[in-house]
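I have placed the structure first, in the form of structure tokens, so that the comments after it can refer back to it.
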Amino acid sequence: MATEKKAPKIFVFGSVNGQLRSAFTKIGVLHAKNDFSFGIVTGNLFATEQDDEQLSSLLNGDIEIPCSVYFTSGTVLLPHRVVEKIQEGDEIAPNLHFLGKRSIINTLEGVRIVTLGGVPVPENAAPGTSQELSLAYHGDDDAKSLQSAKNVDILLTSIWPTGIWNKSAKAVEMSIDSTTAPNNKAIADLCNALKPAYHFATSPGNVCFEREPFASVGGGADGDSIAVTRFISLAPWGNAEKAKSMYAFTINREAFTTPPPGSTATPFLGLAPKKRSAEDAGFSRFSHGHDNRHGNRKHRRDRSPPPGPDRCFFCLSNTNLPQHMITSIGDEAYLVTAKGPLLAVDTFEEYGLTFPCHFIIAPLDHAPSVSTEVMGVDKAKKTYEDMAMYLKSLQKMVSALSGHRLGTVAWEFNRARNIHVHWQTMPVPAAQVLDGSVEAVFQQLAVKSELGEFEEEDFGTADEAGGDQDYLRVWIWAEGMDGNNLNLETVAKSLVIKFDKHVPFDLQFPRKVMAKLLSLEHRVVWQTVGQTEQEETADVAAFREAFKPYDFTLLAQ
């Protein structure tokens with residue numbers, strides 16, 4: 001008889017403010033009694049003047065953390081040593097995870113968390129300030145970009161939403177108003193759009209404000225039930241007033257048909273309704289991550305089928321698709337620039353490339369794999385050929401424009417639970433391919449990340465590709481040079497790691513490897529390097545002009 005899966009049990013801390021040893025010791029005591037699924041630290045985990053001894057003990061793993069704990073940017077700068085850990089792509093410490101300043105994740109337990117850390121960027125700040133990892137700043141665009149997230153269990157912010165005190169008897173009793181805490185309308189718009197089950201925000205001081213639940217009609221998972229949000233701002237850990245600084249709860253996904261007792265109407269009722277533009281809805285399109293870094297949402301898939309072509313990130317039939325990013329369309333596949341590219345406009349400018357050159361190759365058909373098993377023999381064969389042609393055309397263009405000084409790296413995740421399979425590719429200095437550096441770093445980080453070891457294995461046709469096997473495949477390619485003469489040798493390798501399909505893995509792993517190879521660790525999180533539509537359009541125009549002699553869809557006309 002199958003056992004029923006337990007609902008995730010979660011604990012939450014207010015700002016820890018650097019009191020690492022006492023806070024995590026307390027978590028250990030509570031976890032031993034309650035067996036929590038994971039924990040969250042709201043506000044500031046670290047202090048402005050962090051005790052170096054405690055920080056060293058944490059980073060060295062000497063402070064035990066009994067289960068996964070998540071945190072984000074608060075209102076103070078992250079310590080430099082912590083930023084270095086984040087940029088390396090490692091855990092901060094065993095069981096301690098940085099959510100990012102702006103992110104959407106699903107935990108292993110299937111809990112969906114949307115995060116927007118930091119405070120609003122000052123009006124007089126230098127351009128790009130909100131993108132600095134160590135700085136606790138975000139812009140209104142960061143908040144807007146998260147509004148298209150669906151079925152959100154927890155919203156985590158460092159700022160209160162403007163108007164959260166409206167319609168609240170508790171707020172009146174506690175004299176809470178617009179002056180109590182830093183607040184922002186963009187956060188209110190975000191909360192109003194997401195309708196999360198829980199919204200945790202940083203306390204302005206020794207204050208715990210646990211607002212009455214508020215309801216929004218038509219905001220439930222099925223579109224008809226009532227969405228109920230609980231806003232909670234916990235006091236800091238160990239505060240002098242002994243105000244409540246810890247909170248524990250179990251995720252309740254029961255649909256509400258009537259507001260629960262003691263609840264109020266939404267405090268954001270006066271806000272103008274937000275219409276989702278194609279740009280807003282499509283922020284995650286071509287984001288090469290599906291926003292899922294820590295596991296899958298099996299309960300969501302059990303409840304409803306996976307996205308069809310009208311909602312798929314990579315289907316041209318999706319009306320929210322950012323059409324301006326599509327660069328070429330073939331008979332069975334198409335080429336598109338990546339959202340939040342790892343490469344900047346000037347990354348390879350000295351090599352002759354004046355656009356980011358980070359691309360995604362996707363089949364036109366809505367399919368989880370390019371294999372005969374999934375698509376059928378004829379369709380799979382033609383689709384695979386078209387995708388391979390795009391990859392070869394990009395290789396030729398990159399090599400020619402750079403005077404054969406650049407090669408390429410491409411990768412594909414094949415998973416039984418894929419929604420729409422796709423490949424990614426970008427340039428890399430040919431010297432790093434020829435001397436084995438690219439392969440060595442992929443191997444080194446795969447072993448370090450406990451993914452296993454790559455093996456050289458070439459899937460040359462659709463018959464050999466895909467199917468039911470989960471794997472990561474990496475293509476490494478370059479043409480060598482000998483003085484002014486094209487080397488007689490071309491390096492081309494296909495490396496594969498195969499996975500157990502039941503084990504989750506980091507979909508951002510190849511990007512992290514490329515960031516390390518190219519010293520672009522500051523661009524590893526794609527959400528922090530987003531471009532305006534105008535910038536994206538200009539990059540596409542520059543690429544199309546350069547790609548014309550190599551675009552087989554044009555040459556065939």
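FYI, it's all coordinate maths here, none of it is from the lab. Not measured: the values here are computed from a predicted model.
Listed values, structure above:
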item: Amide proton proximity set for residue 16, modelled H, under 5 Å, gap of 5+; result: 44, 45, 237
item: Radius, Kirkwood style, for segment 10-52 when every pair of distinct Cα atoms is counted (Å); result: 10.9 Å
item: Qualifying lysines (Cα of each under 18 Å from Cα of residue 85; at least 8 residues distant if same chain); result: 101, 448, 512, 516
item: Sequence-distant lysines (8 or more away, or on other chains) whose Cα lies within less than 21 Å of residue 33; result: 5, 6, 9, 244
item: 20 Å Cα-Cα reach of residue 396 towards lysines, excluding residues that sit fewer than 8 places from it in its own chain; result: 493, 548
item: Rounded, prolate or oblate (a/c below 1.5 giving rounded, otherwise prolate when a/b exceeds b/c) for segment 363-435 by Cα gyration tensor; result: prolate
item: Whole-number D in µm² s⁻¹ for segment 308-555, Kirkwood Cα-pair radius fed into Stokes-Einstein, 10 °C, 1.306 mPa s; result: 86 µm²/s
item: Value of D in µm² per second that Stokes-Einstein yields for segment 9-275, Kirkwood Rh from Cα pairs, at 20 °C (1.002 mPa s); result: 114 µm²/s
